[in-house]
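The values are calculated or read from the model by the stated rules, or taken from the named source; none is laboratory data. Here the structure is a predicted model, which is why all the values come from computation and not from measurement. So basically every Cβ, Gly included, is an ideal-geometry build from the backbone, and we count neighbours across all protein chains shown. These area figures cover heavy atoms from the full protein model, side chains too; ligands, DNA and RNA do not enter into them. Shrake-Rupley method; radii C 1.70, N 1.55, O 1.52, S 1.80 Å.
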Amino acid sequence: MNLSRLEYVGQMDAGDEEKYTSIIAPLDDYGHGNILVNWLPDSDEYYRTGFLYCAQHLADDILAKLGGAEALVYPMLYCFRHFMELCCKRIIALGFEVGYCTEPKKNHDLRTLWTIAREVIECAPFADLEWERVRIECLVDEFERLDKSSTALRYATNRDGQPSLGKSLFKINVQSFADHAECVGSSLTSYARMMQAIVLRAKRGE
């Protein structure tokens, strides 16, 4: 990444007393809140769990009545949907490495991705977690109705200028969402980690 412009600290129009501070901090800046990025050779799990944590924190804020619920519900749902998508893609990619599935196609269709990921899971020597898979299946069905192509929760209108989520009123049960997010978040994270272990064992010839 070329940080030459981001590293530049320029004067703000508001006056000489204000300066722009880059969001990219120097490596030797140990100030509170500075996060070291890219320290792992594979940050995939951080990306996945980051979206999960965001969704859960937003749900907690809504349930705590901290305000802004009408605005927070969209990123809450999107972050969790994206977490599910990333988990499915990770499971599929790992499954491909050990011959559990064919080479995956790149898309955002959660139904297609989960169908392939579930086949990978069923090929792996996991404990019987059928109930967790049923819960995931139900959530996939709901997200397919809400946001089939991963755009409706990001944009208010579609390419035709129509409301992305339709014109009918409906409600989101945030408590139910939070409960499902906790269970499904744990299950999908476990599936991805177990598939990673299977791949590592295969590479070691075990």
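Please give the contour-minus-distance gain from Ser43 to Leu169: 0.36 nm per residue of separation, less the Cα-Cα distance, rounded to one decimal in nm.
Details: separation 126, 0.36 × 126 = 45.36 nm, distance 3.91 nm.
My answer for the length gained is 41.5 nm.
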With the chain treated as a Gaussian network of Cα nodes joined by springs under 10 Å, which of Lys19, Lys89, Lys167 yields the largest mean-square fluctuation? Lys19
For the chain, cysteines whose Cβ has no other cysteine Cβ within reach (under 4.7 Å): Cys87, Cys88, Cys101, Cys123, Cys138, Cys183
Can you list which of the trypsin sites (Lys or Arg not before Pro) found in region 31-83 are DSSP loop residues with at most 13 other C-beta atoms within 10 Å? Lys65
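Taking a 25 Å limit on the Cα-Cα distance, which of the listed pairs Lys65/Lys171; Lys89/Lys171; Lys65/Lys89; Lys89/Lys203; Lys105/Lys167; Lys106/Lys171 fall beyond it? The partial results should precede the final answer.
On the way: Lys65/Lys171 16 Å; Lys89/Lys171 29 Å; Lys65/Lys89 34 Å; Lys89/Lys203 20 Å; Lys105/Lys167 32 Å; Lys106/Lys171 32 Å.
Over 25 Å apart, Cα to Cα: Lys89/Lys171; Lys65/Lys89; Lys105/Lys167; Lys106/Lys171.
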For the chain, what is the accessible area per residue in Å² when the probe is 1.4 Å? 67
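Compute the length gained on full extension between Glu70 and His108: take 0.36 nm times their separation in residues and subtract their Cα-Cα distance, giving the result in nm to one decimal. Don't jump to the answer; show the numbers that get you there.
Working: separation 38, 0.36 × 38 = 13.68 nm, distance 2.53 nm.
Once the chain is fully extended between Glu70 and His108, it gains 11.2 nm.
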Taking 0.36 nm per residue of separation and subtracting the Cα-Cα distance, what length does fully extending Glu144 through Thr115 add? 9.2 nm
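For region 104-188, which chymotrypsin sites (Phe, Trp or Tyr not before Pro) are both in a DSSP coil and crowded by at most 15 other Cβ atoms within 10 Å? Provide the component values of the computation, followed by the final result.
Numbers: sites: Trp114, Phe126, Trp131, Phe143, Tyr155, Phe170, Phe177; in loops: Phe126, Tyr155, Phe170.
Filter output for region 104-188: Phe126, Tyr155, Phe170.
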Measuring from centroid to centroid over Cα atoms, what is the spacing of region 162-197 and region 66-115 in Å? 10
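Calculate, for Phe96 and Asp60, the FRET efficiency according to 1/(1 + (r/R0)^6) with r their C-beta to C-beta distance and R0 35 Å; round to the nearest 0.05.
Working: r = 36 Å, r/R0 = 1.02.
FRET efficiency, Phe96 to Asp60: 0.45.
Using a 1.4 Å probe over the heavy atoms of the protein chains, calculate the carbon and sulfur portion of the accessible area of the chain as a whole percent.
On the way: 7560 of 13820 Å².
Of all accessible area on the chain, carbon and sulfur atoms account for 55 percent.
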Using θ = phi - 60° and the Karplus form 6.51 cos²θ - 1.76 cosθ + 1.60, what ³J(HN,Hα) does each residue of region 95-108 get, whole Hz, x for Gly and Pro? x, 5, 4, 10, x, 7, 7, 7, 4, x, 8, 8, 7, 10
